[in-house]
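Working notes for the structure below.
The values are calculated or read from the model by the stated rules, or taken from the named source; none is laboratory data. This one's a predicted model, so the numbers in the text were calculated from it and none came from an experiment. Heads up, the Cβs are rebuilt from the backbone with ideal geometry, glycines too, and the neighbour counts pull from every protein chain shown.
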């Protein structure tokens, strides 16, 4: 499928019309249904989603503010290419937040919270067995959001997600790597074990190790897939 044909219909999302258009486009970009550097044709999006130009224009403006879209005068609107600088910055911010959160939560985690994490991990295991990459990604994200929410600080999940946007897109490129899902699952088990032991230092180390593994997979991609990464003079 090409372009807007890959967008998820709006009835799959909640919120106002503008919010749903934004969510559909954002999902397509984050899952690489829209590839980095690909042109965004607003009339095609209007036709696909059955909306006027106004909510599409508003959604594109929000995506540009998120750093996911580049609007180039006299050239067009493009999905932003990946940037290793942005990826490293996002990973740095995410690690700073999550490592501190893991240490904080480990000595305070409740039995109910541990049960939530165990249930999440059980579903992850089933998804890995089925080879469901996107389903696993969703549960992975939920696990990280839970850990942050357990701190009791309500803004932490949103701050972390915002920093992680470009890293999340780049992660899609390494999901097909043989054994990557199973390795990630093992890292998640280590995090849960540290929480079960209520060991702040072990939790800190497990989360730090988990997050740092990602860059070891992502760093070579800039050389292997230069078409997906930003370079001077490209939109």
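Computed quantities for the displayed model
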item: Candidates 146, 122, filtered to the one that is more than 30 Å from residue 64 (Cβ to Cβ), out of contact with any helix residue (DSSP H, G or I) (no Cβ under 7 Å at 6 or more places or on another chain) and at pLDDT 90 or above; result: 122
item: First in the stretch 208-235 and on the phi < 0 side of the Ramachandran plot, second anywhere and at pLDDT below 85 and surrounded by fewer than 15 Cβ atoms within 10 Å (Cβ to Cβ), Cβ under 7 Å, 6 or more apart; result: 217/177
item: Residue identified as surrounded by fewer than 19 Cβ atoms within 10 Å (Cβ to Cβ) and within 18 Å of the chain's Cα centre (by Cα) among 75, 138; result: 138
item: Enumeration of residues in the stretch 25-47 that are more than 21 Å from the chain's Cα centre (by Cα) and either in a helix (DSSP H, G or I) or within 14 Å of residue 58 (Cβ to Cβ) (or both); result: 42, 43, 44, 45, 46, 47
item: Unique match (being in contact (Cβ under 8 Å) with a residue 12 or more places away in the chain, in contact with a strand residue (DSSP E or B) (Cβ under 6 Å, 6 or more places away or on another chain) and surrounded by 15 or more Cβ atoms within 10 Å (Cβ to Cβ)) among 170, 203, 190; result: 170
item: Breaking point among (1) within 22 Å of residue 196 (Cβ to Cβ); (2) surrounded by fewer than 16 Cβ atoms within 10 Å (Cβ to Cβ); (3) in contact with a helix residue (DSSP H, G or I) (Cβ under 9 Å, 6 or more places away or on another chain), for residue 89; result: (1)
item: Candidate set: the stretch 7-23, residues that are assigned to a helix (DSSP H, G or I) and touching a helix residue (DSSP H, G or I) at 6+ places or on another chain (Cβ under 6 Å); chosen: the one surrounded by the most Cβ atoms within 10 Å (Cβ to Cβ); result: 21
item: In the stretch 149-164, the residues that are under 18 Å from residue 30 (Cβ atoms) and touching a helix residue (DSSP H, G or I) at 6+ places or on another chain (Cβ under 6 Å); result: 157, 160, 163, 164
item: In the stretch 148-161, residue surrounded by the fewest Cβ atoms within 10 Å (Cβ to Cβ) [restricted to those that are under 16 Å from the mean Cα position of the chain (by Cα) and free of Cβ contacts under 8 Å to residues at least 60 places away in the same chain]; result: 158
item: Residues satisfying the stated conditions in the stretch 48-68, i.e. surrounded by fewer than 16 Cβ atoms within 10 Å (Cβ to Cβ) and in a loop (DSSP other than H, G, I, E, B); result: 50, 52, 67
item: Members of the stretch 94-115 that are crowded, with 16+ Cβ neighbours inside 10 Å, in contact with a helix residue (DSSP H, G or I) (Cβ under 7 Å, 6 or more places away or on another chain) and part of a helix (DSSP H, G or I); result: 94, 95, 97, 98, 99, 101, 102, 103, 105, 106
item: All positions within the stretch 41-94 that are free of Cβ contacts under 8 Å to residues at least 24 places away in the same chain and on the phi > 0 side of the Ramachandran plot; result: 74
